[in-house]
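Chemist: This structure is in structure tokens; I'll ask about it shortly.
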Number of protein chains: 2
Amino acid sequence: MNFEQIETPALILDKNILCHNINKMQRHLNNFQIKFRVHGKTAKCMEIIKLINTQGITVSNLHEAEYYFSHGIKDILYAVGIAPGKFDHVFDLIRRGADLSVIVDNTAAAEMLSEKSNQKNIPILVYIEIDCDQRRGGIDPEDPEFISLGLMINQNKNLKLQGVLTHAGKSYQAKSIQEIKLIAKQERDCAVNAAKILRNQGLNCPQISIGSTPTVLFNQNFQGISEVRAGVYIFNDLTMLNLGVCTPDEMALSVLGSVIGHQVNRNQIITDTGWMSLSSDRGIVHPEIPLNFGLVTDIDGNIYSDLIVSSVNQEHGIISSKNSVKIDFNNFPMGKLIRIFPNHACATAARFRRYYLWEDKKEITGFWEKI
Amino acid sequence: MNFEQIETPALILDKNILCHNINKMQRHLNNFQIKFRVHGKTAKCMEIIKLINTQGITVSNLHEAEYYFSHGIKDILYAVGIAPGKFDHVFDLIRRGADLSVIVDNTAAAEMLSEKSNQKNIPILVYIEIDCDQRRGGIDPEDPEFISLGLMINQNKNLKLQGVLTHAGKSYQAKSIQEIKLIAKQERDCAVNAAKILRNQGLNCPQISIGSTPTVLFNQNFQGISEVRAGVYIFNDLTMLNLGVCTPDEMALSVLGSVIGHQVNRNQIITDTGWMSLSSDRGIVHPEIPLNFGLVTDIDGNIYSDLIVSSVNQEHGIISSKNSVKIDFNNFPMGKLIRIFPNHACATAARFRRYYLWEDKKEITGFWEKI
């Protein structure tokens, strides 16, 4: 099968690059005594997870938890703050055999979880989410509530304190590899310090889980850390490229699209790759990076360095010249296939139900279904 | 069933408002002798289309065409420029009984379509897409290629020239109702003029199809127009609200979410409504409209006028104060349900597989599956 036989837009996964990215992470982690728990929200696909030497899985919602559990993965970390409306579903997964752990960052949520676990008489594994960079959720380990939360979890017979967890979301806004390394150090230090605070209270804190693709790949000191998590490294994307985390030939995921129109007077090409396929994610917004919705290449992956996806509608993508250079429309006849590498691989992959597998840059060898 | 029994995030469709919006459009159109062809890309749901007095359907991709055709709708307009890679699928739909019409805006695409229709010996209905506002696709009716395109379609035995079609995408950037009315006039005039140019060449041009939610709702002169199209009016959203096209109580679609965290020091609430549910669509970016990803209300729809969804991650939504007013976190306990009205109802609806139906602002009476 070749690209011409696929109805566009379609998700193309370069299997060689995927395996390269997986191996690169594995080689890096082999330098350290550390467990790895891949984030399943990026792939949403068991075939990909099978390629990874992972300690269980991380998920971002219970739909993913159900999916991976149905494919035999028991050790599941649900790494988004839990709401009471999801307790029944969580305990049902545990009752059915999942070793599901959840995260909390406040005593109110922990108390409600405790009440439910007592009511059901089902023990549940709990991590305390630590805020290491003020980017999203988590509790500051210096906050007095942190210790009371640890003590409260420890005192409840059904809440099993697993440890602490953090995610250095700030790493996605770093301006240099040097800054990523600093953020990685901060992530590691913050989590280790949080565990120390708990241990100083006599609490058991066996697990310290940290991670983001940039900080895991550039950290050289995981001392004291038991587990790292990362997701987008399997594919990479323009965000990772612009951060310096990957090279252009380490981007595994692209959207195959077709030229459906020429707007010669406006120097624009119209494609069938709108936000239904690329997503509306704008990636990193830096003054030096032109705002766009994807990197345009030919089907072989040769970059059209002057072209950008300047806007996206539901099904239309509009491709313009970055530097107002006149586009040679003869190079883009009607129906010409192009590939677009997205700003955010997680957001783009989430728009599709299957990956078409491209191998050795030669042919499509099959597809993998995803959720 | 009530909101508490639904796992968040979930799509809530206020059925009364939906019906109000559908009736409002119908009442408006009753003033004119005109056909209406709803755009099925917004609802992606047959149950909703059944409520509408529509002349066939408009679709934005062949997946929608398949879906609506499988539910008995034969008269389908595929209103995105056609690429050769989709010809086989298009002709297969026609062979199976669909009265599918396609659009072209250039002779190259029309020639390829003609070749395929001759090869299959299957006639196909063709509209010429007109560019009325330089927003996306279509051909300028003053462009000499327009006439040659019309003549070329007319000369081919299997291409059946249906007429001209345009979409005033510019209306989504209008600054006032007065401007929408001007754009509506321009849309109508442009399409009528295009048809006149074809007819002056002795060509048959039975259909003149125009539309966008803003221009259809505010146009009072459809003279010469045979058909109008609109989609998002069924739900409305913040884009329509900011344009002045709807009032707050005419927004039918919202995302039910849960509070999953407090960041008191940063004056932020964390919810489970990230871009997986709301989408990353930023809506209208005007200096006077604060950048955000949704309007926050309680479950009854009372607006928290100071709160905005200031950022979205995959599963996390971050709610902040618009004016840096201190949030009273006691009003947003862990697990509290809120509703968020999205920037773009089409983009948000596309993230879900079902609508939960809310009736009389009392209870959830069921759900409708969607694609």
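Residue-by-condition table, conditions (1) without any contact (Cβ under 8 Å) to a residue 60 or more places away in the chain; (2) of a type in the set (D, E, K, R); (3) out of contact with any Gly (no Cβ under 9 Å at 6 or more places or on another chain):
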{"residue": "B:Met152", "(1), (2), (3)": "yes, no, yes"}
{"residue": "B:Leu159", "(1), (2), (3)": "yes, no, yes"}
{"residue": "B:Ile177", "(1), (2), (3)": "no, no, no"}
{"residue": "B:Lys196", "(1), (2), (3)": "yes, yes, no"}
{"residue": "B:Gly224", "(1), (2), (3)": "yes, no, yes"}
{"residue": "B:Tyr233", "(1), (2), (3)": "no, no, yes"}
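Chemist: Of the residues that sit in region B:261-305 and are of a type in the set (Val, Ile, Thr) and in contact (Cβ under 8 Å) with a residue 60 or more places away in the chain, which one is surrounded by the fewest Cβ atoms within 10 Å (Cβ to Cβ)?
Modeler: Let us first name the residues in region B:261-305 that are of a type in the set (Val, Ile, Thr), namely B:264, B:269-271, B:273, B:284-285, B:289, B:296-297, B:299, B:303.
This time we only want the ones that are in contact (Cβ under 8 Å) with a residue 60 or more places away in the chain, so: B:264, B:269, B:271, B:273, B:284, B:299.
On the way: B:Val264: 13, B:Ile269: 26, B:Thr271: 31, B:Thr273: 31, B:Ile284: 19, B:Ile299: 17.
Of everything passing the filter in region B:261-305, B:Val264 is surrounded by the fewest Cβ atoms within 10 Å (Cβ to Cβ).
Chemist: Name the pairs whose Cβ atoms lie under 6 Å apart, with the first residue in region A:343-371 and in contact (Cβ under 8 Å) with a residue 24 or more places away in the chain and more than 20 Å from A:Val38 (Cα to Cα), the second charged (D, E, K, R) and not in a strand (DSSP E or B), and 6 or more positions between them or separate chains?
Modeler: Matching pairs, first to second residue: A:Asn343/A:Asp281; A:Leu357/A:Lys15; A:Glu359/A:Lys15.
Chemist: Specify the residue that is surrounded by the fewest Cβ atoms within 10 Å (Cβ to Cβ); the eligible residues are those in region A:350-369 that are within 14 Å of chain B (Cβ to nearest Cβ) and charged (D, E, K, R). Reasoning before the result, please.
Modeler: We begin by selecting, within region A:350-369, every residue within 14 Å of chain B (Cβ to nearest Cβ); these are A:350-354, A:356, A:364.
Next, from what is left, pick out any that are charged (D, E, K, R): A:351, A:353-354.
On the way: A:Arg351: 18, A:Arg353: 10, A:Arg354: 14.
For region A:350-369, the residue satisfying everything is A:Arg353.
Chemist: Out of curiosity, is B:Leu93 more than 30 Å from A:Ile82 (Cβ to Cβ), touching a Cys at 6+ places or on another chain (Cβ under 9 Å), surrounded by fewer than 22 Cβ atoms within 10 Å (Cβ to Cβ) and touching a residue at least 24 places away in the same chain (Cβ under 8 Å)? Reasoning before the result, please.
Modeler: Values: more than 30 Å from A:Ile82 (Cβ to Cβ): yes; touching a Cys at 6+ places or on another chain (Cβ under 9 Å): no; surrounded by fewer than 22 Cβ atoms within 10 Å (Cβ to Cβ): yes; touching a residue at least 24 places away in the same chain (Cβ under 8 Å): yes.
In short, no.
Chemist: If you don't mind, another one. Given the criterion basic (Lys, Arg), within 14 Å of chain B (Cβ to nearest Cβ) and either open to solvent by less than 20 Å² (accessible area, probe 1.4 Å) or under 21 Å from A:Asp360 (Cβ atoms) (or both), identify the matching residue among A:Lys24, A:Lys15, A:Lys44.
Modeler: Values: A:Lys24 fails: within 14 Å of chain B (Cβ to nearest Cβ); A:Lys15 fails: within 14 Å of chain B (Cβ to nearest Cβ).
Testing whether each residue is basic (Lys, Arg), within 14 Å of chain B (Cβ to nearest Cβ) and either open to solvent by less than 20 Å² (accessible area, probe 1.4 Å) or under 21 Å from A:Asp360 (Cβ atoms) (or both) leaves just A:Lys44.
Chemist: Of the residues that sit in region B:306-340 and are in contact (Cβ under 8 Å) with a residue 40 or more places away in the chain and open to solvent by 50 Å² or more (accessible area, probe 1.4 Å), which one is farthest from the chain's Cα centre (by Cα)? Spell out the reasoning first.
Modeler: Kept after step one, since they are in contact (Cβ under 8 Å) with a residue 40 or more places away in the chain, are these residues of region B:306-340: B:310, B:314-321, B:324, B:326-327, B:329, B:332-340.
Keeping just the survivors that are open to solvent by 50 Å² or more (accessible area, probe 1.4 Å) gives B:324, B:326, B:333, B:336.
Details: B:Ser324: 34, B:Lys326: 37, B:Pro333: 35, B:Lys336: 31 Å.
Filtering first and then ranking leaves B:Lys326.
Chemist: I'd like the residue in region A:123-152 that is touching a strand residue (DSSP E or B) at 6+ places or on another chain (Cβ under 8 Å) and of a type in the set (Val, Ile, Thr) and, out of all such residues, is surrounded by the most Cβ atoms within 10 Å (Cβ to Cβ).
Modeler: Residue satisfying both the conditions and the ranking: A:Ile130.
Chemist: Select from region A:179-194 the residues that are free of Cβ contacts under 8 Å to residues at least 40 places away in the same chain and either of a type in the set (Ser, Thr, Tyr) or open to solvent by 10 Å² or more (accessible area, probe 1.4 Å) (or both) and list them in ascending order. Talk me through it step by step, then tell me what you get.
Modeler: Residues of region A:179-194 that are free of Cβ contacts under 8 Å to residues at least 40 places away in the same chain, as a first pass: A:179, A:181-182, A:184-185, A:188-189, A:192.
Hits for region A:179-194 are A:Glu179, A:Lys181, A:Leu182, A:Lys185, A:Arg188, A:Asp189, A:Val192.
Chemist: Scan region A:335-355 residue by residue and report those that are in a strand (DSSP E or B) and under 30 Å from B:Asp105 (Cα atoms).
Modeler: We begin by selecting, within region A:335-355, every residue in a strand (DSSP E or B); these are A:337-341, A:354-355.
Those that are in a strand (DSSP E or B) and under 30 Å from B:Asp105 (Cα atoms): A:Leu337, A:Ile338, A:Arg339, A:Ile340, A:Phe341.
Chemist: Of the residues B:Ser320, B:Ser310, which is at pLDDT 95 or above, touching a helix residue (DSSP H, G or I) at 6+ places or on another chain (Cβ under 9 Å) and hydroxyl-bearing (Ser, Thr, Tyr)? Give the steps one after another, and end with the answer.
Modeler: Details: B:Ser310 fails: touching a helix residue (DSSP H, G or I) at 6+ places or on another chain (Cβ under 9 Å).
Result of the check over B:Ser320, B:Ser310: B:Ser320.
Chemist: In addition: Within region A:94-103, can one find any residue that is under 22 Å from B:Thr271 (Cβ atoms) and more than 12 Å from chain B (Cβ to nearest Cβ)? Full working, then the answer.
Modeler: Step one: filter region A:94-103 for residues under 22 Å from B:Thr271 (Cβ atoms), giving A:100-103.
Right, trim to more than 12 Å from chain B (Cβ to nearest Cβ) and you get A:100-101.
Yes, region A:94-103 contains a residue that is under 22 Å from B:Thr271 (Cβ atoms) and more than 12 Å from chain B (Cβ to nearest Cβ).
Chemist: Out of the residues in region A:153-170 that are in contact with a Leu (Cβ under 8 Å, 6 or more places away or on another chain) and in a helix (DSSP H, G or I), which is least open to solvent (accessible area, probe 1.4 Å)?
Modeler: Here the answer is A:Ile153.
Chemist: Could you say whether any residue in region A:31-46 is free of Cβ contacts under 8 Å to residues at least 24 places away in the same chain and either of a type in the set (D, E, K, R) or assigned by TED's automatic domain parsing to the domain that holds A:Val216 (or both)?
Modeler: Looking through region A:31-46, none of the residues is free of Cβ contacts under 8 Å to residues at least 24 places away in the same chain and either of a type in the set (D, E, K, R) or assigned by TED's automatic domain parsing to the domain that holds A:Val216 (or both).
Chemist: Within region B:76-93, is even one residue among the aromatic types (Phe, Trp, Tyr) and farther than 18 Å from B:Glu129 by Cα?
Modeler: Step one: list which residues in region B:76-93 are among the aromatic types (Phe, Trp, Tyr), which gives B:78, B:87, B:91.
Then keep just the ones that are farther than 18 Å from B:Glu129 by Cα; that gives B:91.
Yes, some residue in region B:76-93 is among the aromatic types (Phe, Trp, Tyr) and farther than 18 Å from B:Glu129 by Cα.
The values are calculated or read from the model by the stated rules, or taken from the named source; none is laboratory data. Not measured: the values here are computed from a predicted model. Cβ coordinates were reconstructed from backbone atoms using ideal geometry, including for glycine residues, and neighbour counts include every protein chain displayed. Heavy atoms of the whole protein, side chains included, go into the accessibility calculation; ligands, DNA and RNA do not. Shrake-Rupley method; radii C 1.70, N 1.55, O 1.52, S 1.80 Å.
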